[in-house]
1. Being surrounded by 10 or more Cβ atoms within 10 Å (Cβ to Cβ) and part of a helix (DSSP H, G or I) is the filter here, so list the residues in segment 1-18 that pass it.
2. Hey, any hits in segment 41-49 for a residue that's more than 28 Å from the chain's Cα centre (by Cα), on the phi < 0 side of the Ramachandran plot and surrounded by 10 or more Cβ atoms within 10 Å (Cβ to Cβ)?
3. On the basis of being in a helix (DSSP H, G or I), surrounded by 10 or more Cβ atoms within 10 Å (Cβ to Cβ) and under 16 Å from the mean Cα position of the chain (by Cα), does residue 70 make the cut?
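FYI, it's all coordinate maths here, none of it is from the lab. This is a predicted model, so every value here is computed, not measured. Cβ atoms come from the backbone with ideal geometry, glycine included; neighbour counts cover every protein chain shown.
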Amino acid sequence: MKKTETTSFGEYFDDQRDRIVKDMQNNKNTELYNAWREDYDKRHKALSLLRKMKPVSTREQNIVKEMILKVMK
């Protein structure tokens, strides 16, 4: 990644700009993590319910396997 040259406005303002840029990046990472975690929790809740099922016949086992694979995607 190419780093662009920035104009210096003094140490105080440069430090302030760096803190703002860092905070914006952290906020973006937090939003992405929260979205990922929500999706992860939703998938694993459904997956745990499917795993608790006790299929009796081979046909039921195949149906549960297909449902698990669909949830894992």
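1. Those that are surrounded by 10 or more Cβ atoms within 10 Å (Cβ to Cβ) and part of a helix (DSSP H, G or I): 13, 14, 15, 16, 17, 18.
2. Restricting attention to segment 41-49, the residues satisfying the condition of being more than 28 Å from the chain's Cα centre (by Cα) are none.
Scanning segment 41-49, I find no residue that is more than 28 Å from the chain's Cα centre (by Cα), on the phi < 0 side of the Ramachandran plot and surrounded by 10 or more Cβ atoms within 10 Å (Cβ to Cβ), so the answer is no.
3. Details: in a helix (DSSP H, G or I): yes; surrounded by 10 or more Cβ atoms within 10 Å (Cβ to Cβ): yes; under 16 Å from the mean Cα position of the chain (by Cα): no.
Considered against the rule, which asks whether it is in a helix (DSSP H, G or I), surrounded by 10 or more Cβ atoms within 10 Å (Cβ to Cβ) and under 16 Å from the mean Cα position of the chain (by Cα), residue 70 comes out as no.
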